[in-house]
Every structure is written in C-alpha cells, then in structure tokens.
C-alpha cells in the first residue's frame, strides 16, 4: 500500500509538471518585423497511431488485433504556413529574387523524441533566415508532450510559433492557468524589449453568456524581458459558480 501511494504521488507530481507546459528556447539575432513574405521549406507527413493490442483465441486459433486504435497525421510545414498566413504573411512557393529582401525562409527540424509516463515527448526547432542573405535571424526550440508523436509535434510547433508571434509583435502576454472560487493563477510573460514594473489587468466574468461582473487589478512587478512568472490574483468577489467564464485583458503596462 505504501508503495502504491508513492507511485500515485509521483504520478501526480509528474502530471502537475506536465500541466505547467514545456519551455521554449529562443535565440533572436535580427529584426523580424520588416518582412511580408515567407517561404516554408516543405516537410513530409508524420503519421502516428495509438491503441491497446490484444490476442484472442477463436476456434482454437489465436487472433491478434488493436483495440481503440487512433491514427493522426501532421505535416509540420503546413501547420507553420497556416500560422504565418494568420499573422499576415504571404506564403511563397519559393524565394522570388525581387521579393527576397522582404522574405523570410522558415525551416523545421525534429531534435528527438522520448517516451515517458504520459506518452511521448518531442523536441523540435524552427529556424528563421533572411531570404536575401540566408543569414539566420532567429531560432525557436520547443517541446511538446502528448499520447502520440504527431500530436506532440503539433504542440511543440505551436509553442514555438507562439513565441515567434510575440517576437514580431512584442507585448505582454498574460494567460489564466487555473481558476479557483476566490482567485486564479496567471502566467505573465514579458515578450517586450524592456522591463515591466506595473500591469493593469481587467477580468470580465460571464455566467451562461450573461455578464455578471468586471474587475480591474493592478500588479506591481519587476519583470525583465524574456522572463515568465506565475502569480496568484484574488477575486474581489467569490465566484458564484464553477461554470463561470472568465476573460482576461491587459489594459496597460509600464
């Protein structure tokens, strides 16, 4: 029984660590803002499947199969292209000499995969280069963890592209990580080039689509560029229901 409790405790700690998300390593060497076009180097599909195998004797002969099989496919370059289109880039089938000065070349690489307690962990890297000089402007190394490899790759790509977006459009990023009746934990990432000392946040609460409450909270903080912190914010009124939706807006920061 004691051994079982230790195993369960370890699983809970590991699950908590996984819920915190995977880190992204960022290396920015040049200005990413003046580009309008992107050429994404094509990649091949990654196909993954999951399921429990079984063997069952039928009429004296063993029959094998897979129960609950799930198959997923991902093409990294297609995910990257779709994200860049949403950012406003025009995707080119190749680097056009006349547009090379305004073009970035985006390449994708997979660093490795590691099985773990919850499935598989996958590390990837996305590299941004100048279409004119081929000089490396930035690289984003990220990790995803999911049941199958293709889903882990997808998560890792979006983690990296999320940081790329805020590198091009520097701002303060604040997300709600967990909600409680009397408050919530938020993660604050300073993706601007300057330190942040004070933040004004607005929380809007809805219940079944109806606006029930708004709250503004000022946070005094010393947050240097590239740093993420987790902090607890108290509600000024306890939540009326666990089904209440909360929307967060950054009003100002300095």
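The values are calculated or read from the model by the stated rules, or taken from the named source; none is laboratory data. None of these values were measured; they are calculated from a predicted model. All Cβ positions, glycine included, derive from the backbone under ideal geometry; neighbour counts span all protein chains shown.
Assorted remarks:
- Subset of the range 102-119 [within 20 Å of residue 147 (Cα to Cα) and not in a strand (DSSP E or B)]: 117, 118
- Positions within the range 220-230 being surrounded by 12 or more Cβ atoms within 10 Å (Cβ to Cβ) and either over 14 Å from residue 199 (Cβ atoms) or modelled with pLDDT of 90 or more (or both), in sequence order: 225, 226
- From the list 25, 64, 10, the one residue that fits, being in a strand (DSSP E or B), over 17 Å from residue 155 (Cα atoms) and modelled with pLDDT under 90, is 64.
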